[in-house]
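Inspection log for the structure reproduced underneath, given as structure tokens.
The values are calculated or read from the model by the stated rules, or taken from the named source; none is laboratory data. Note that the structure is predicted; figures quoted are calculated from it, not measured. Cβ placement follows ideal geometry from the backbone for every residue including glycine, while neighbour counts extend to all protein chains displayed. For the accessible areas, the whole protein counts, side chains as well, though only heavy atoms, and no ligand, DNA or RNA atoms are used. Shrake-Rupley method; radii C 1.70, N 1.55, O 1.52, S 1.80 Å.
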Amino acid sequence: MRIGVDVGGTNTDAVLLSGREVLGAVKRPTSKDVNTGISEAISALVEECGVTPDAVDAVMIGTTHFTNAFIQRRELVPVYALRLGFPAGRGIPPFSSWPNDLRDVVCGGTAMVGGGFEFDGREIGPLDEEAIAASVEAARRKGITQIAVSCIFSQLNSAHEQRTAELIAKIAPEMEVSLSYELGRIGLLERENAAIMNASLRPMARTITTAFAKALEDLGIAAPFFISQNDGTLMSADHMQRYPVLTFAAGPTNSLRGAAWLTGATDAIVVDIGGTTSDVGVLVSSFPRQSTFHVDVGGVRTNFRMPDVYSIGLGGGSLVSETENDVVVGPDSVGFRLLSEGMIFGGNTLTASDIAVAAGAADFGDRTLVAGLSQNLITEAQSAITRLVGDAIDRMKTAPGDMPLILVGGGAVLIADVPRGVSEVLRPEHAGVANAIGAAIGQVSGEIDRIYAITDEISRKEALDDARMQASAQAVAAGAAESTVEVVDVEAVPLQYLPGGATRVVCRVVGDLAIGA
């Protein structure tokens, strides 16, 4: 048995799965400290399903802690950024593109020292170990405990970053090191940003891990717990403490994975409709399609893996207003105030939920309070909602044919018609807790994105084999059972603008959790 928990901005959802069967699901308000909400949700779930705590084999938690902390600039610690690649990489120093308010919080100092590699693996220059030692001492004098190390083309050759980590451990063993090659993809500045972001969140990750463990201990659950990553898979608590940045955007990803599991669909559009916004994503082979663009998080440009998700201002609390020629739905919303301001709950604000109830598509609140709405207003509002979803689907599709649409989330009742570009609309049972189900069914992944120089000495096959081996090792380190690891995606793209047979290889593997191993 597995418990899946998804912590949202409004509700904390929890589900209990036994194999392919959903034994129970509950929603509880998300508490300010989050952990209280998790405890209440799991406690209610266990009681509702009538199972004992020792029957639970694992708990999977999807959390917005780290995303919110970074966006809201809270609970972050100063980071010393050390870049290897001087003088070649001196043009744009670390933190150059960061918003001023965020840089003031996170920037604990920077240094650029000799080192780094060319695209073909040759050294730009030798690693300047004396300068590294001086930089570490400077960071130590400032009281900095987190160092982010980046290196030119460390995705191709990580030797300098690894050597720097060894030196830091020797000089200042109390400091924690985040290495860019373990986190980001190709692109020095974005990869460096990912390492800095990760370093700023690591102390918070320890606190949250301890809090989660304490919450489960208080409930009498001794099973291990895992954290959702932003690629639809899981990582162990220890792995999360080292790489908290990998939890960014885990919520929409869990909804996509949950939608695939509930319907059995492998390739489809998924629309997750909440109280304020709707997230639109694409399933490819049952996993979320990954973004191929640089991702902006809290005003910082990064390149670590993220799901390709498009958000629109449509939810159960979206405001509905009439103009002379049209009816407009959203993007403004009453959000969590729906229960007090929505017309069906005795308020005076017309929302998308009121329209759904008035049209007979949903049954909650008091329908008599919207009985006076004109049929024309209801029809026009429903058409506006369908158009919003249809436009979002059109933006996300990459092929001209129609695709199945899976509706999940508490606001799925808002969609009355079939949007254009859709072959069929699937409304699975338990769609309201698809996010928690996505957390519960998670596997464990590993991914490698690096450049290989394909030459007479290193063949294409050897490069692909090396990428598979490294990705598999990552998955096992994150908690996968080695015997279950398999490749789900591999790409080898020749970089024609670079000499020497340069080829970018992206390899992704997944495996089942090594529970009890």
Only one of (1) at pLDDT below 85; (2) surrounded by fewer than 17 Cβ atoms within 10 Å (Cβ to Cβ) does not apply to Ser321, and that is (1)
Name the single residue, out of those in region 324-347 being closer than 16 Å to Ala381 by Cβ and acidic (Asp, Glu), that is most open to solvent (accessible area, probe 1.4 Å). Glu324
Hits in region 185-228 (condition: among the small types (Gly, Ala, Ser) and assigned to a helix (DSSP H, G or I)): Ala194, Ala195, Ala199, Ser200, Ala205, Ala211, Ala213, Ala215
Please work out if Ala69 is open to solvent by less than 30 Å² (accessible area, probe 1.4 Å) and within 25 Å of the chain's Cα centre (by Cα). yes
Within region 199-217, work out how many residues are open to solvent by 20 Å² or more (accessible area, probe 1.4 Å) and of a type outside the set (D, E, K, R). 5
For region 350-468, give me every one of the helices (runs of 4 or more DSSP H) that falls completely inside it and has 1 or more residues that are closer than 20 Å to Val328 by Cα. 352-358, 375-396
Here is a check on your reading of the model: is Leu167 part of a helix (DSSP H, G or I) and at pLDDT 90 or above? yes
What pairs come up if the first residue lies in region 89-115 and is of a type in the set (Lys, Arg), the second is not in a strand (DSSP E or B), and their beta carbons are under 6 Å apart, counting only those six or more places apart or on different chains? Arg103/Phe95
Leading residue by the ranking (farthest from the chain's Cα centre (by Cα)) among those in region 286-300 that are part of a strand (DSSP E or B), more than 15 Å from Asp231 (Cα to Cα) and in contact (Cβ under 8 Å) with a residue 12 or more places away in the chain: Val300
Subset of region 133-146 [part of a helix (DSSP H, G or I) and closer than 16 Å to Glu176 by Cβ]: Ser135, Val136, Ala139, Arg140
Looking only at residues in region 151-198 that are of a type in the set (Gly, Ala, Ser), closer than 21 Å to Ala131 by Cβ and surrounded by 24 or more Cβ atoms within 10 Å (Cβ to Cβ), which one is nearest to the chain's Cα centre (by Cα)? Ala195
Being farther than 30 Å from Leu179 by Cα, in a loop (DSSP other than H, G, I, E, B) and open to solvent by less than 30 Å² (accessible area, probe 1.4 Å) is true for just one of Leu283, Leu314. Which residue is that? Leu314
